[in-house]
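Written below as structure tokens is the structure these notes are about.
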Amino acid sequence: MMGSMIHVVKKIGCSLIPVLFVVSCVSQAPKNRTMIADVDPIPLGSVGIAFDQLFSAALDTKDVPVQFNPRDDTVSLEFRYQTVIYRQYWDRTGREQFIAAVQQYHADFEARNLSTKASKSRTAYGSVNARAEWGQFAFSVNACSYPRMDLGYRFKGNSPYFIVVQREARDTVMPSADDSRMSLQITAYFTRSMADKVAAFFDPAYLERILEAQGIPVETEEEPVSDPYF
């Protein structure tokens, strides 16, 4: 199975990676969302993802559930960070950029092109948009923000990790200048095999096959029959 996941990553070219830099606390909802099918969320499985620990240099690896949400064509990752449960929602564009970033990270790793300078490595593969929800319990959502996610890598000792840095962003449910209504900056660490597994879950063709296997029609935008001018 891992071989097929790696194959999915290598199929996507690195031309999808834009390098974008914005203020970290920006939190702006997307203008629209695309529904791919009118069905309830579909659990995909889980993947190991590592996070920083308080008062420790060691990483804490968690088993993170992954879910496909056809009504807005997102894939969500749910994890507890410190005392709060977070859900990250990745849309199709963000998922494609993640896949392309992982593909480029593989190439840089194999070519020994990785830099130990954090200033160069954190946003080595650009940034993407995402939605973050958080609360004290898995079944409750108290806040929502739209942070930027930096795609890059970081060394821990002699070992590099592919990373996703969720930047701070203000809550849009109860907007306030109070920093307590900010989503935290969170760094997620992936070994190459971990990153490959997430990339496989993010693959649009894989998600469409899941719907087809359940007999669920995939909704697509119809091409116009003509190009009206007047």
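Some points to look at:
- Filtered residue count, segment 80-100, keeping only those that are closer than 19 Å to residue 50 by Cα and free of Cβ contacts under 8 Å to residues at least 40 places away in the same chain: 1
- Here residue 72 fulfils each of the conditions (1) under 26 Å from residue 208 (Cα atoms); (2) assigned to a helix (DSSP H, G or I); (3) among the acidic types (Asp, Glu) apart from (2).
- Residue count for segment 126-174, restricted to those that are without any contact (Cβ under 8 Å) to a residue 40 or more places away in the chain and of a type in the set (D, E, K, R): 2
- The residue list 123, 172 contains one member that is surrounded by fewer than 20 Cβ atoms within 10 Å (Cβ to Cβ), among the polar types (S, T, N, Q), at pLDDT 90 or above and not in a strand (DSSP E or B), which is 123.
- Filter result for residue 155 (assigned to a strand (DSSP E or B) and loosely packed, with under 15 Cβ neighbours inside 10 Å): yes
- Taking the criterion of being closer than 19 Å to residue 189 by Cβ and among the charged types (D, E, K, R), the residues of segment 31-74 that qualify are 52, 60, 62, 63.
- Residue match in segment 75-87 (condition: over 15 Å from residue 191 (Cα atoms), of a type in the set (S, T, N, Q) and touching a Ser or Thr at 6+ places or on another chain (Cβ under 8 Å)): no
- Among residues of segment 79-116, those that are of a type in the set (Asp, Glu), within 12 Å of the chain's Cα centre (by Cα) and under 18 Å from residue 194 (Cα atoms), counted: 1
- Residue in segment 75-92 that is nearest to residue 134 (Cα to Cα), counting only those that are of a type in the set (S, T, N, Q) and modelled with pLDDT of 95 or more: 88
- Of the candidates 85, 99, the single residue that is of a type outside the set (Lys, Arg), surrounded by 14 or more Cβ atoms within 10 Å (Cβ to Cβ) and outside any strand (DSSP E or B) is 99.
- The condition of being acidic (Asp, Glu), at pLDDT 95 or above and closer than 25 Å to residue 203 by Cβ holds for only one of 133, 110, that being 110.
- Residue under evaluation residue 144, criteria (1) farther than 21 Å from residue 83 by Cβ; (2) in a strand (DSSP E or B); (3) not small (Gly, Ala, Ser), criterion not met: (1)
- Among residues of segment 207-230, those that are modelled with pLDDT of 90 or more and touching a Leu at 6+ places or on another chain (Cβ under 9 Å), counted: 2
The values are calculated or read from the model by the stated rules, or taken from the named source; none is laboratory data. As the structure is a prediction and not an experimental result, all values here were calculated from the model. Every residue, glycine as well, gets a Cβ built from its backbone with ideal geometry; the counts of neighbours run over all protein chains shown.
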